[in-house]
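No lab work stands behind these numbers, since they all come straight from the coordinates. Treat the numbers as computed from the prediction; the structure is a model and nothing was measured. Virtual Cβ from ideal backbone geometry, glycine too; neighbours counted across all protein chains shown.
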Amino acid sequence: MVNATGGGEQEHYGSFFAETEYENKALSLSANILFLATEKVNFSLGGSFMDSKGSMQIIRMSQVPQEVIDNVGAADYDYASIYEYSDLDYTQLSVTFGTEYYISERISWTLDAAYYDLTDNMEDYEGYVYGIETGSLYVIRSGVRIGF
């Protein structure tokens, strides 16, 4: 432990080091198809699937010296369940479809649709920082693309 005094006003204690082991297993699949129907029209279809699981082994934190506890009394030094916070288990699916119609050589009209689905399999926990992330989303876009 390092104890340094800066100008007699504050004391700084060096960091404590804990060795941890994190394991992540992920399966990711994706495919895209582009079909040129005519010189003016093309279609695209795409999709992806991800299944990811991650976990951290129990963290063995160093014992905090009484000198630090005395000087930083408001801190909470209970690290008993911190390893559970980094456990992940989710699946994600996305499917996209699009078409593009060329009005001229540099201007085209586009139409795209997408579906996204996320399933958070950690329902026993409170959903980390942002809550349970399970849900679906549909997106439909249209626009004009101008090439320079």
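Arrange the following residues from fewest to most other Cβ atoms within 10 Å of their Cβ: 30, 52.
Values: 30 10, 52 15.
Taking fewest neighbouring Cβ atoms as first place, the list is 30, 52.
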**Request:** Sticking with the crude label model, points 7 Å out along Cα→Cβ, report the distance from residue 40 to residue 24 in nm, one decimal please.
**Result:** 4.7
**Using θ = phi - 60° and Karplus 6.51 cos²θ - 1.76 cosθ + 1.60, couplings along the stretch 35-43 (whole Hz; Gly, Pro as x)** = 10, 8, 5, 9, 5, 9, 10, 9, 10
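When the chain is fully extended, how far beyond the present Cα-Cα distance does residue 32 get from residue 50, taking 0.36 nm per residue of separation? Please list the in-between numbers first.
Numbers: separation 18, 0.36 × 18 = 6.48 nm, distance 1.52 nm.
Working it through step by step, the gained length comes to 5.0 nm.
Using the count of nearby Cβ atoms within 10 Å as a rough guide to exposure, how do 68, 144, 41 rank from fewest to most? Before the final figure, lay out the partial values.
Details: 68 17, 144 9, 41 13.
The order, fewest Cβ neighbours first, is 144, 41, 68.
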**Item:** Inter-site label distance for residue 67 and residue 112 at 7 Å from Cα along Cβ, in nm
**Value:** 5.9
